[in-house]
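Engineer: I have a structure I would like to understand better, so I am pasting it below and will then ask my questions one at a time.
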Amino acid sequence: MNKKLWEFLRAMENKHYHILWFTVIVSLMVFITAIVYFTGGTSSTVQLLYVPIFIAVFVYGIKGGIIAAIFSGLAVGPFMPAAATGEMQPTAIWMLRILTSVFIVLVVGKLYEHVKKMDDLEKKRAYEDVATGYFNSNKFNIDWTDSISAGTYGSISTILFRFENMDMIKRYVDFETSMKSYIRLLEMAEEFFYMGTVYTISDNKIAVLLPGVDIDRANNLTKGFISISKSPMYIENLPISTVIKCGIVNYPNHGTEAYKLTLMLDKALEQTSRLHSTIGIYNDIIEKEHERYYSDLVSLYHALKNDMFTLAFQPIIDVRKNRISSVEALLRWNDSRHINMSIAELIKRAEDAGFINEITKWLFASVAEQIKLWKEKGIEIPVSMNLSALDLSDAEFISYVTDYIKENDINTRLIEFELTERSIIHNEEIMSEQLMKLKKLGIKLSLDDYGTGHNSLKNLMNFAGKFDYLKIDKVFIDKILKDEKLIMVDCIIRAAHRMGMKVVAEGVEIHEQVEILMTVDCDMIQGFYYSMPLPPEELEQYVLGPIKHEQKYAYH
Ligand code: C2E
Ligand code: CA
Ligand code: CA
């Protein structure tokens with residue numbers, strides 16, 4: 001259906017509404033005039049005419065009321081006898097009656113207008129988003145509920161859009177531009193979804209309520225909107241590209257209660273992040289996935305609280321000396337039910353749920369304990385452990401580490417922290433400060449997964465002097481035998497050396513990789529070629545024996 005047709009139907013709807021009330025008012029006027037006439041003429045029954053007059057005021061305003069008052073006055077005026085005398089009324093009487101009712105219409109009409117204005121203002125305040133001027137989530141919930149309970153629509157679809165890069169625009173351009181792009185998106189949505197209503201939801205979301213639109217049409221419309229929103233918009237001559245994702249739910253396909261459908265809408269949208277898709281149509285699988293997600297999270301927290309995690313240690317080999325230089329501690333959760341959850345996924349979930357800091361504290365204490373135990377056995381080997389970005393933004397973490405070191409007399413020379421490039425690029429100033437605090441404690445730092453972030457070379461410059469080691473990510477190492485990645489690795493190693501860092505190649509699996517890495521002066525190698533991550537006892541044997549070049553140990 002095109003926009004013109006839609007507007008025509010809307011106008012027709014309006015027209016029907018007016019025809020209906022017009023008929024009611026005229027019928028009442030005729031009916032009451034007939035009563036007056038058949039009861040002998042004007043008496044107190046004429047007062048009944050105020051019913052259609054007031055209806056006219058409420059429906060058509062003061063003007064409508066005055067017209068109704070004049071017509072009613074004329075109907076019971078010059079041609080209507082007075083009941084008391086049975087004779088025609090004097091002109092002055094019926095004229096006075098008309099004037100009185102016009103006066104009453106003016107008073108009532110003004111009062112009604114005032115009350116309506118106040119009511120509209122209140123509604124506006126309650127239903128309008130101050131920043132954008134569009135309807136807010138209150139209004140959305142009310143309209144959603146009303147359109148379902150009206151029962152006139154067989155199908156109602158709702159779409160929730162999220163402006164994914166609004167925060168980035170806020171951070172890297174400014175707040176005003178981000179807000180203007182958001183409002184522009186709202187305007188575009190209003191224009192595109194003319195058959196529905198557009199709402200501002202929270203800071204960066206837009207909801208569209210589409211009564212009478214089924215799920216397939218909603219999906220097609222959404223695709224259309226996403227494709228037009230892809231072309232950059234110009235905000236004060238600055239080209240801004242918006243990235244949007246969306247969730248779709250439909251009444252009655254997914255449910256019949258507005259409240260539950262709104263929750264589903266959030267889940268449908270959330271799903272797009274997990275599946276790396278743009279449009280998420282709600283389905284039962286989402287519900288089950290959610291249940292599983294939360295039950296996994298509960299088990300994860302339970303495992304943390306009940307000391308059910310263990311550590312595996314992967315040797316890092318100094319290739320020149322052909323001996324272990326350190327080990328990396330990697331978290332392990334030996335719960336067979338969660339065998340499908342990778343450690344990286346586990347860490348991500350703990351970050352999302354907000355208890356990664358607790359895991360890191362557990363990790364730090366366990367690493368410190370292991371260093372002590374090995375010392376007792378005469379093994380002195382540095383252990384590196386992974387920090388999450390959220391650990392450094394937690395001021396408490398550094399004081400926890402400081403206190404722990406003091407209280408337990410830990411040799412910090414044996415502790416290294418690994419931080420990924422991505423985790424430190426936000427809030428560089430604060431991060432640098434935190435890193436310096438750790439360095440002061442004597443803890444060595446590694447820049448982990450190097451090459452997977454944006455602008456890696458710039459990061460290398462910025463963080464030179466703060467990191468002792470640079471770990472080149474496996475994605476580079478995987479390709480050094482095949483393509484030009486070797487040149488890049490060579491350059492990275494040279495640059496790192498000039499900045500006083502030693503380089504570790506991660507994920508080395510075959511002998512040829514070791515050979516080629518040695519030609520470009522790589523200092524250390526970590527990977528399955530030398531050893532998989534091992535439980536502590538096996539690592540002890542590994543340390544004490546000669547370096548084995550085989551994948552003998554499997555503990556991951
Ligand atoms: P990462 O820090 O890059 O750790 C190295 C990962 O690569 C480990 O996976 C290790 O088992 C694997 N790996 C090592 N050599 C090879 C190889 O030659 N081939 C292949 N295919 N893989 C190799 P893991 O243990 O599954 O850990 C995955 C990621 O999870 C880690 O990547 C790290 O980012 C994170 N992680 C692990 N343990 C912790 C932890 O205790 N705390 C935090 N915050 N993150 C952790
Ligand atoms: Ca690491
Ligand atoms: Ca790594």
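The values are calculated or read from the model by the stated rules, or taken from the named source; none is laboratory data. Everything quoted here is computed from the prediction, not taken from an experiment. For neighbour counting, all protein chains shown are included, and Cβ atoms are generated from backbone atoms with ideal geometry for every residue, glycine included.
Engineer: Within segment 503-520, which residues are of a type in the set (Val, Ile, Thr) and either in a helix (DSSP H, G or I) or more than 15 Å from ligand 3 (Cβ to nearest atom) (or both)?
Structural biologist: Residues of segment 503-520 of a type in the set (Val, Ile, Thr): 503-504, 508, 510, 514, 516, 519-520.
Matches in segment 503-520: Ile510, Val514, Ile516, Thr519, Val520.
Engineer: Which of the residues belonging to segment 503-522 are away from ligand 2 (no atom under 16 Å from the Cβ) and either under 26 Å from Leu460 (Cβ atoms) or small (Gly, Ala, Ser) (or both)?
Structural biologist: Filtering segment 503-522 down to residues away from ligand 2 (no atom under 16 Å from the Cβ) leaves 509-522.
The answer is Glu509, Gln513, Val514, Glu515, Ile516, Leu517, Met518, Thr519, Val520, Asp521, Cys522.
Engineer: Now a separate question. If you go through segment 343-364 one residue at a time, how many are exposed (fewer than 15 other Cβ atoms within 10 Å of the Cβ), in a helix (DSSP H, G or I) and free of Cβ contacts under 8 Å to residues at least 40 places away in the same chain?
Structural biologist: Result for segment 343-364: 4.
Engineer: If we keep just the residues of segment 99-158 that are more than 29 Å from the chain's Cα centre (by Cα) and of a type in the set (Phe, Trp, Tyr), which is surrounded by the fewest Cβ atoms within 10 Å (Cβ to Cβ)?
Structural biologist: Applying the filter and picking the extreme gives Phe103.
Engineer: Could you please give the count of residues in segment 234-271 that are touching a residue at least 40 places away in the same chain (Cβ under 8 Å), closer than 15 Å to Leu160 by Cβ and in contact with a strand residue (DSSP E or B) (Cβ under 6 Å, 6 or more places away or on another chain)?
Structural biologist: 12
Engineer: Only residues in segment 469-494 that are more than 21 Å from Thr420 (Cβ to Cβ) count as the first member; pair them with residues that are not β-branched (Val, Ile, Thr), Cβ under 6 angstrom, at least 6 apart or cross-chain, and list the lot.
Structural biologist: Leu481/Glu512
Engineer: For segment 380-389: of the residues being in a loop (DSSP other than H, G, I, E, B) and more than 9 Å from ligand 1 (Cβ to nearest atom), which is nearest to the chain's Cα centre (by Cα)? Lay out the reasoning, then the answer.
Structural biologist: Just the residues of segment 380-389 that are in a loop (DSSP other than H, G, I, E, B), to begin with: 380-382, 387-388.
With more than 9 Å from ligand 1 (Cβ to nearest atom) added as a condition, the list becomes 380-382.
Details: Glu380: 47, Ile381: 44, Pro382: 41 Å.
The residue in question is Pro382.
Engineer: Output the residue which, of all residues in segment 325-365 that are within 20 Å of Leu447 (Cβ to Cβ) and among the acidic types (Asp, Glu), is farthest from ligand 1 (Cβ to nearest atom).
Structural biologist: Among residues in segment 325-365 that are within 20 Å of Leu447 (Cβ to Cβ) and among the acidic types (Asp, Glu), the one farthest from ligand 1 (Cβ to nearest atom) is Glu351.
Engineer: Moving to a separate point now. Against the conditions (1) more than 16 Å from ligand 2 (Cβ to nearest atom); (2) in contact (Cβ under 8 Å) with a residue 40 or more places away in the chain; (3) out of contact with any helix residue (DSSP H, G or I) (no Cβ under 6 Å at 6 or more places or on another chain), where does Ser384 fall short? Just the number, please.
Structural biologist: Condition (1) is where Ser384 drops out.
Engineer: For segment 274-300, enumerate the residues that are in contact with an Asp or Glu (Cβ under 9 Å, 6 or more places away or on another chain) and under 19 Å from Lys245 (Cβ atoms).
Structural biologist: Arg274, Gly280, Ile286, His290, listed by residue number.
Engineer: A follow-up question, please. Suppose the filter is surrounded by 21 or more Cβ atoms within 10 Å (Cβ to Cβ) and free of Cβ contacts under 8 Å to residues at least 40 places away in the same chain; does Phe175 pass it?
Structural biologist: Values: surrounded by 21 or more Cβ atoms within 10 Å (Cβ to Cβ): no; free of Cβ contacts under 8 Å to residues at least 40 places away in the same chain: yes.
For Phe175, the condition - surrounded by 21 or more Cβ atoms within 10 Å (Cβ to Cβ) and free of Cβ contacts under 8 Å to residues at least 40 places away in the same chain - is not met.
Engineer: Find the residue count for segment 65-119, including only residues that are within 14 Å of Ser43 (Cα to Cα), out of contact with any helix residue (DSSP H, G or I) (no Cβ under 7 Å at 6 or more places or on another chain) and of a type in the set (A, V, I, L, M).
Structural biologist: Selection size over segment 65-119: 5.
Engineer: Another one. Is it the case that segment 454-476 has a residue that's within 14 Å of ligand 3 (Cβ to nearest atom) and over 23 Å from Ala389 (Cα atoms)?
Structural biologist: Keep residues of segment 454-476 that are within 14 Å of ligand 3 (Cβ to nearest atom), which gives 456, 467, 469-476.
Still in the list and also over 23 Å from Ala389 (Cα atoms): none.
Checked segment 454-476: no residue is within 14 Å of ligand 3 (Cβ to nearest atom) and over 23 Å from Ala389 (Cα atoms).
Engineer: To continue, here is another question. Restricting to segment 390-423, count the residues that are under 25 Å from the mean Cα position of the chain (by Cα), more than 14 Å from ligand 3 (Cβ to nearest atom) and under 29 Å from Ile317 (Cβ atoms).
Structural biologist: Going through segment 390-423, the residues under 25 Å from the mean Cα position of the chain (by Cα) turn out to be 390-394, 420-423.
After this cut, where a residue has to be more than 14 Å from ligand 3 (Cβ to nearest atom) as well, the list is 390-394.
Filter once more, keeping what is under 29 Å from Ile317 (Cβ atoms): 391-392.
Residues that pass the stated criteria total 2.
Engineer: If we scan segment 263-271, do we find a residue that is out of contact with any helix residue (DSSP H, G or I) (no Cβ under 8 Å at 6 or more places or on another chain) and surrounded by 21 or more Cβ atoms within 10 Å (Cβ to Cβ)?
Structural biologist: Yes: segment 263-271 contains one or more residues that are out of contact with any helix residue (DSSP H, G or I) (no Cβ under 8 Å at 6 or more places or on another chain) and surrounded by 21 or more Cβ atoms within 10 Å (Cβ to Cβ).
Engineer: Inspect segment 494-502 for any residue being in a loop (DSSP other than H, G, I, E, B), under 25 Å from Val383 (Cα atoms) and within 15 Å of ligand 2 (Cβ to nearest atom) and give the result as yes or no.
Structural biologist: No.
Engineer: To continue, here is another question. Take the conditions more than 25 Å from Ser137 (Cα to Cα), small (Gly, Ala, Ser) and modelled with pLDDT under 95 and apply them to Ser299. Does it pass? Show your work before the answer.
Structural biologist: On the way: more than 25 Å from Ser137 (Cα to Cα): yes; small (Gly, Ala, Ser): yes; modelled with pLDDT under 95: yes.
Yes, satisfied.
Engineer: When you go through (1) more than 20 Å from the chain's Cα centre (by Cα); (2) not in a strand (DSSP E or B) one by one for Leu269, which number turns out not to apply?
Structural biologist: For Leu269, the exception is condition (1).
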